[in-house]
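Reviewing the structure listed below.
The values are calculated or read from the model by the stated rules, or taken from the named source; none is laboratory data. Everything numeric here is computed off the predicted structure, so don't read it as measured data. Heads up, the Cβs are rebuilt from the backbone with ideal geometry, glycines too, and the neighbour counts pull from every protein chain shown. Just so you know, the surface numbers come from the protein's heavy atoms only, side chains and all, with ligands and any DNA or RNA stripped out. Shrake-Rupley method; radii C 1.70, N 1.55, O 1.52, S 1.80 Å.
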Amino acid sequence: MQNGQQLKPECQERTPTTRSCCTCCQDLAVSCYIATVDSDESGSSTTADAGYLEPSTVLPAQDSARSQQVVGTLDLNQGLKLPSEELLGHLPKQSSGLQRAYLSNVCTAKALQRQGVAAKMIQVAAEDAIKQGVKYLYVHVAHDNQAAMHLYCNRCGFYQEQSESEGYARALSRPRRYLLCQQLV
């Protein structure tokens, strides 16, 4: 950070919903999280390194609070599986689906990557997942995404449970992926 400033993103749950678009994702509860930093009156971030953020990421002020700039997002999907997903978690062995959750759509504004925003969102989502009875948290990561592997395994305590075969990934025209797991309780 410039000038010794500390990034202190606020992470909050937004719009918890239960998604049931088809029989494959029945009872999939989705909670969306956003990380924000304060904006000044002009809509610019008050965090020095966030100066390169898009103006479209500003949330208007509500009830005399300061406006906020979105710097990260994350979805917590609670259920046995994600829609159209073949690489599934195995734990817990006997589960109603409410004890397993998947992280998806984890992203951080480029100007603030590697400054703890994603780790903070994952921490908040994991704490909320525990309150909802989740015992195992999963995330899919492309095998060549070293930054994500470092974040999940070294900073957040995930371990590799499974990996997709090279041939299977090639047949789907995508990079091979790992399924990482974190035991919450």
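Debye sum, Cα scatterers, the range 64-115, no solvent: what log₁₀ I/I(0) at q = 0.20, 0.22, 0.26, 0.29 1/Å?
The Cα Debye sum returns log10 ratios of -0.78, -0.84, -0.99, -1.11.
To the nearest 0.05, how large is the calculated FRET efficiency for residue 90 and residue 66 if R₀ is 35 Å and r is the Cβ-Cβ distance?
My answer for the efficiency is 0.20.
Please work out the average accessible area per residue across the range 74-185, using the 1.4 Å probe convention, and give it in Å². Kindly include the intermediate steps, with their values, before the conclusion.
Details: 5600 Å² over 112 residues.
In whole numbers, the range 74-185 has 50 Å² accessible per residue.
Take the cross-link list 110/131; 81/131; 110/135 and give me the ones stretching past 24 Å between alpha-carbons.
Checking Cα-Cα distances, 110/131; 110/135 exceed 24 Å.
For the residue pair residue 75 and residue 145, what label-to-label distance in nm results when each label sits 7 Å from Cα along the Cα-to-beta-carbon direction?
1.3 nm
Per-residue counts of other Cβ atoms within 10 Å, averaged by peptide: what ranking do you get for 143-152, 165-174, 29-38, 104-113, highest first?
So the peptides 143-152, 165-174, 29-38, 104-113, ranked by packing, come out 29-38, 104-113, 143-152, 165-174.
For the range 81-148, rounded, prolate or oblate, judged on the Cα gyration tensor with a ≥ b ≥ c (square roots of eigenvalues), a/c < 1.5 rounded, else prolate if a/b > b/c? Before the final figure, lay out the partial values.
Working: a/c = 2.73, a/b = 1.50, b/c = 1.82.
Verdict is oblate for the range 81-148.
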